[in-house]
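Written below as structure tokens is the structure these notes are about.
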Amino acid sequence: MSYGRAVEGLARPNRGVRTVLVMTTNHLPEPLSTLRLRGAGRRLLASAAVVVLSLGAVACSSDGESTQAEPAPTTAPTTAPAVPASSAPTADTAPPTTTAATSATVTTDDVEVVQRVAMRDGVELATYVYLPAGTGPFPTLVLRTPYGLPLTPIGGYQDDDALEETGLPDEEVGWPLVTDAGFALVVQETRGTGASGGANALLTTEGPDGYDTIEWVADQSWSNGRIGIMGDSAAGVAAALAAAEQPPSLDALYTQNASHSLIDDLTSPGGAVRIESIVAFSGGQMLELGDEHYDASGADEAAFEDPIERLGGELETLVGGVDDPVGAGWAQRDRTALPDVAPLIPAFEQYLTADPGVRDRMDTIGDIEVPVLAVSMWHDVFARSSFEAALDAQERGADFRLLAMPGSHYEIDDPENWPVTPMLDFFRETLMDGERTLDRFTWQAIGSTELESSSVWPPTGSNSEAFRLGDGTIAATAGSGSVSFISDPTDPIATNAGMSLVALSGPGENPSLATTGRTDVVWFDSEPLTDPLRLRGPLELVVDVTADAPSIDVSARLLAVDADGSSRLIRSAHVRSAAPVGSNRQLTIPFGDIAHDIGVGSVLRLELAGSDLPAWSLNPQTGDTDPLRSTTPIAASISVDLATAELRITRS
């Protein structure tokens, strides 16, 4: 993820000019190999020669000599295929139109070449086209990003040697990975970011825009009409939203550590929100806003200079304090800073409040009909919805494949995480009639080096098993009585592992709270395992609790503790509950699906607490209707009924 403003100098291109940059995969001679985007200092791909369609513009031959290009004919706009009214941003918006390239300018220190592709409501988005060597038309991959250029590697190289052989900086290897394989690549900056027009809405409008872009690509002479859309993280969310609109020209979807139901991934049962992930995910996009966002939204850019700077500072504080995010100032972060930045983009507040309309709009599960390959990491913040989408497709018989690997969100591009390079093989299959290479479910378990696969999940031979909680124990029989702990919002438990974006995501290094000396945590241990435990499927905890506050959170953590005392997180989960004081609350706390191998002699440990900050927003426990901005938190005593508590696992 990049946090600097992308293509800043291109934010106001001449709106009467339509231009295109087409790049082929021949190596650039100097000095054009050091082309940079004006204002942002971001290197364009050094492995491409520039072919400019222009009126009297400068073109570059393969030997690097400048030549005067012949004027390109002016072509009148054509009408793109009709767009279903159900997918339009408003009922009155017209279908999109395609626009021909007419002029461009290239210099050695500036690049002012960007095609403005019109969406159905007239907003024009900055679009870049990269073509492979050879004679087209080509199968085409589309990537729509809110994070500007350059992009991180898409799909990843298998090893460092392959990366080094490209001769490119790390951040640029994604381009030849696509074009060297014979695909045309279309990269588009999403609405309101970089050089694109319109007001940014934190991906909530990306479905219709993606539809329009795919249909525009299908109408271009360099595309053979076989089109896939792809993306990682936010770009993957945009890709899934486009595919859910069911554009008729789309053939395949590839996502990588991307949500298929964004609000559900960022919200717990009962309404707690992943405050750290929302700020990092949304804040990164806010820092990429182009000037046209302010034009279109009516927001006063000068008035938001300080809030944007503060937001950058909050992100810096979060990253800098990753070993102690609460001590770094995040204990008060969600109650004091959010009002300053929410007015810049209304969707930010909608994320924080889990707005039902936005929830429905961002949920793509069950709506995608083309073949899908979703790649996820076991501790990625978006892993839950990838599994939900795969399980939904399993029930419907749809072609949805899931590859799950050890790691967390930002480990997705690490070449060491890739025993296979799935993206290109998937698109060769779906766009070039290649062979199928992955089963419906393929995974590498945490603690294993083997790649496994199955046509169903949980895999055949898996069984569900229930454990009961006793007086500090996890066993086959239930305990009696209850155990209590205090939850104090003014002294929250700090996130030290889990499914976060930034704050110590992953299994952690000895993250057990049992050794911290805190008295506001209760834990339960199993006997040392006498046989290996192969977790393969969903995990959940069911507990009955009472509390002396109207609203409480229960944060659960399941860990493996090895014989030497070291620990690692298997999964964490969080729920919020509002109920009358003293009443019984039956809580189901879903950990989600996991593949994790635990060896003989290790112990399963379950820990319960009342907070997990900044992974989850603090609960003031007062029952306030706006808990994020409550300034009067109260402590609560939470009691767990041991007779009914049940830890449910799936093992093979």
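Annotations for the structure displayed:
- Evaluating 6.51 cos²θ - 1.76 cosθ + 1.60 at θ = phi - 60° for every residue in the stretch 469-485, the Karplus couplings come out as 9, x, 6, x, 10, 10, 8, 7, 10, 6, x, 9, x, 8, 10, 10, 8 Hz, glycine and proline recorded as x.
- Quick note on the stretch 442-509: its Rg to Rh ratio, both from C-alpha atoms and Rh being the Kirkwood radius, is 1.09.
- Apportionment of accessible area to carbon and sulfur, the stretch 370-471, percent (1.4 Å): 43
- The Rg/Rh ratio of the stretch 356-447, with Rg taken over Cα atoms and Rh as the Kirkwood radius over Cα pairs, comes to 0.98.
- Per residue, the stretch 418-496 exposes 48 Å² of solvent-accessible protein surface, assessed with a 1.4 angstrom probe and all protein chains in place.
- Heavy-atom accessible surface of the stretch 491-618: percent carbon and sulfur, 1.4 Å: 51
- Relative contact order of the stretch 514-652, pairs being alpha-carbon contacts under 8 Å that are 6 or more residues apart, as %: 39
- The orientation-averaged shadow of the Cα convex hull for the stretch 248-312, equal to a quarter of the hull surface, comes to 7.4 nm².
- Ordering of 262-271, 520-529 by packing [mean C-beta count within 10 Å, highest first]: 262-271, 520-529
- The protection proxy used here, the mean number of other Cβ atoms lying within 10 Å of each residue, ranks peptides 437-444, 252-259, 386-393 as follows, highest first: 252-259, 386-393, 437-444.
- Scanning residues 5 or more positions from Ile446 or on other chains, those with amide H under 5 Å from its amide H are Ala595, His596, Asp597, with H placed 1.01 Å from N in the peptide plane.
- For Arg226, nonlocal amide neighbours, meaning residues 5 or more places apart or on other chains whose placed amide H falls under 5 Å from its own, are Thr140.
- 3J(HN,Hα) from dihedral phi, the stretch 422-433, Karplus parametrisation 6.51/-1.76/1.60, rounded to Hz, x for glycine, proline: x, 4, 5, 4, 5, 6, 4, 5, 7, 10, 10, 6
- For the stretch 473-520, the alpha carbon convex hull comes to 129 Å³ per residue, rounded to a whole number.
- Peptides 228-240, 126-138, 297-309 ordered by packing proxy, namely the average of other Cβ atoms within 10 Å per residue, highest first: 228-240, 126-138, 297-309.
- Square roots of 5 times each gyration tensor eigenvalue, C-alpha, the stretch 534-585, largest first, Å: 29, 13, 9
- Built amide H within the under 5 Å cut-off of Gly610, gap 5+: Ser555
- Annotation: per residue accessible area for the stretch 203-317 equals 24 Å², rounded to a whole number [probe 1.4 Å, protein chains only].
- For the stretch 498-504, Karplus couplings with θ = phi - 60° (6.51, -1.76, 1.60), whole Hz, Gly/Pro x: x, 9, 10, 7, 10, 6, 6
The values are calculated or read from the model by the stated rules, or taken from the named source; none is laboratory data. Nothing here was measured: the structure is a model prediction, and the numbers come from that model. In this analysis, Cβ positions are derived from the backbone assuming ideal geometry, glycine residues included, and neighbour counts consider all displayed protein chains. The protein model used for the area step is the full one, side chains on, heavy atoms only, and it has no ligands, DNA or RNA in it. Shrake-Rupley method; radii C 1.70, N 1.55, O 1.52, S 1.80 Å.
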